[in-house]
Amino acid sequence: MKLSGWVLCVFAALSVYPVAQAAERPNIVFIMSDDHAVRAVSAYDDSLMQTPNIDRIAAGGMRFDRAYVGNAICGPSRATMLTGNHSHANGFYSNEWSGPFDGTQQTLSTLLQGAGYRTAVIGKWHLYSDPVGFDHWEVINNAFEQGTYYNPEFRSPAGVEQVNGYVAELVTDKALSWLNSVADGEQPFFLLYNHKTPHRDWLPGPQELRGWDEAARVQEPPTLLRDLAGATEARQDARMRIADYMTNGDVKLSMARNLTPQQAAIWEQAFAEGNRQYEQADLSADETVRWKYQRYIKTYIASVRSMDREIGRLLDYLEARGLMDNTLVVYTSDQGFFLGENGWFDKRWMDEVSSRVPLLLRWPARVEAGSVNSALVQNIDFAPTLLDAAGIQPPEPMHGISLMPLLTGEVSDWSRHLYYHFYENPGFHGVPRHYGIHAGRYKLVHYYRYDEWELFDIESDPGEQVNLYGSDRHQQLVRRLKDDLANLRKHYAVPEEDPEVPWYHGPVIRVFEWLLKLL
Ligand code: CA
């Protein structure tokens, strides 16, 4: 089906479903974590770890198995979530050089607030602007709005305040405090409950650090020691290898700088003996990668556990207040993450591990518990879906479309292609600019400043290791996908010219990367 065909099909389907009446408007709790890979959510895959509380959302609602973001980097993903539009339309292309976010444009929060919702954002914001459309906001402020795991700063209309404690616990305390102030009100509420966890540098909470087991081993991905020779130059030029770019701070060979003496003692108890053994071991280069991987993945897992525990506390509160039946709860992440695949950490790529996200949605009034959906959906759809659930028609059209027909099980033939575009180059990790099309089984990616392409069959090659672009057998498919990609770019009115970046940005980033290695 052509692009215009599926758009018509979906809109036709939408028009036969009545939107929620004002009297039954749900509360909305949107939980967004930071860099949480799908394979670290046990509702999807329980081989790496358990996330019992996040799984409660899946068990009580719908799990989307093919949910993606359109630009796999923190700020841009959040700007898309708020606007329902891809980066080129909301103006927030990059964490590094396109802020602050323009909050005067049409956003989910402004529309919900205007329709009578009580609104709040608590936790990570990362758009370098004061939130608009929120009655209440307390957002993480320090470290370029990344925050720190321990003793972070929060910014609110009252100013900036540094708060002692662990970030996931503090964000939850603040969320519960706000929920307490609105739970008994007449108006429905919308809470954007945004965790910093499990973003780099993966520091678990005190409870998880006290239970640290240095001897435990996590299975390595088969491509941990992959040699990228033979891959596209675009991939070879990236600066994402655990071997070369994971810092001493990342792997806890050096201590976080802002800990209280009591927190530092817990950190020492967890890591000091393992560090001493590492320094005496004289490991080979490959053994060093393996050691770093273990530190990395185990602190990542333990950080997710800390967050999952806190999400459980929030869900317990909603249950105890009798709010779960009429609250739409969403769990997602701003993007996925490389957990050692290709020998890499970080995100940015259109690859499955970084552009695919967990998406769980629980709303007992409309969504069947324990359901699973494999439609291709994207973060441009989040705002239209929540507005649809609240019975609000956005005055300006959005790129995304409401997922309500999928959630209620009324539509099953969801035919669609996804557009992806990463712009943050020059930037950290040296990932090239690229755009591409996700067509279900196949994915075609263009590294346009390298004039290189990749074609992957993600059914037979989910790890995206074999580039089929040059294969004779796939030339007809390549031509068709190039047409479809051109149509998608036209449909979303993607400008031919990329945004300008100051000439000094690239060199500054290289100096920053070099300095990070010294920490
Ligand atoms: Ca992120």
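The values are calculated or read from the model by the stated rules, or taken from the named source; none is laboratory data. Not measured: the values here are computed from a predicted model. All Cβ positions, even for glycine, are placed from backbone atoms using ideal geometry, and neighbour counts span all protein chains on display. Areas reflect the complete protein model, heavy atoms only, side chains present, ligands, DNA and RNA absent. Shrake-Rupley method; radii C 1.70, N 1.55, O 1.52, S 1.80 Å.
Tabulated data
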quantity	calculated
Candidate set from the range 327-340 (those that are assigned to a loop (DSSP other than H, G, I, E, B) and more than 11 Å from the chain's Cα centre (by Cα)); member that is nearest to the ligand (Cβ to nearest atom)	338
Matching option when the condition is modelled with pLDDT of 95 or more and in a helix (DSSP H, G or I), among 383, 375	383
Residue match in the range 353-374 (condition: under 26 Å from residue 149 (Cα atoms) and basic (Lys, Arg))	yes
Matching helices (runs of 4 or more DSSP H) fully within the range 101-210 where at least 3 residues are surrounded by fewer than 16 Cβ atoms within 10 Å (Cβ to Cβ)	167-182
Subset of the range 24-40 (residues that are within 14 Å of residue 64 (Cα to Cα) and more than 15 Å from the ligand (Cβ to nearest atom))	39
Counted residues, the range 341-372 - those being in a loop (DSSP other than H, G, I, E, B) and open to solvent by 30 Å² or more (accessible area, probe 1.4 Å)	6
Given (1) over 23 Å from the mean Cα position of the chain (by Cα); (2) under 26 Å from residue 470 (Cβ atoms), index of the condition residue 240 fails	(1)
Members of the range 260-275 that are surrounded by 15 or more Cβ atoms within 10 Å (Cβ to Cβ) and polar (S, T, N, Q)	263, 275
Residues that are assigned to a strand (DSSP E or B) and of a type in the set (Lys, Arg), drawn from the range 435-490	443
Residues located in the range 91-100, provided they are at negative phi and open to solvent by 10 Å² or more (accessible area, probe 1.4 Å)	93, 95, 96, 97, 98, 99, 100
Matching entry among 267, 202 (being among the aromatic types (Phe, Trp, Tyr) and within 16 Å of the ligand (Cβ to nearest atom))	202
Pairs with Cβ under 6 Å, 6+ apart, first in the range 318-340 and open to solvent by 10 Å² or more (accessible area, probe 1.4 Å), second away from the ligand (no atom under 16 Å from the Cβ)	321/183; 324/318; 325/364; 326/26
Close pairs from the range 442-464: first basic (Lys, Arg), partner part of a strand (DSSP E or B), Cβ under 6 Å, at least 6 apart	443/456
Qualifying residue in the range 110-131 (condition: over 30 Å from residue 205 (Cα atoms), touching a helix residue (DSSP H, G or I) at 6+ places or on another chain (Cβ under 8 Å) and without any contact (Cβ under 8 Å) to a residue 40 or more places away in the chain)	no
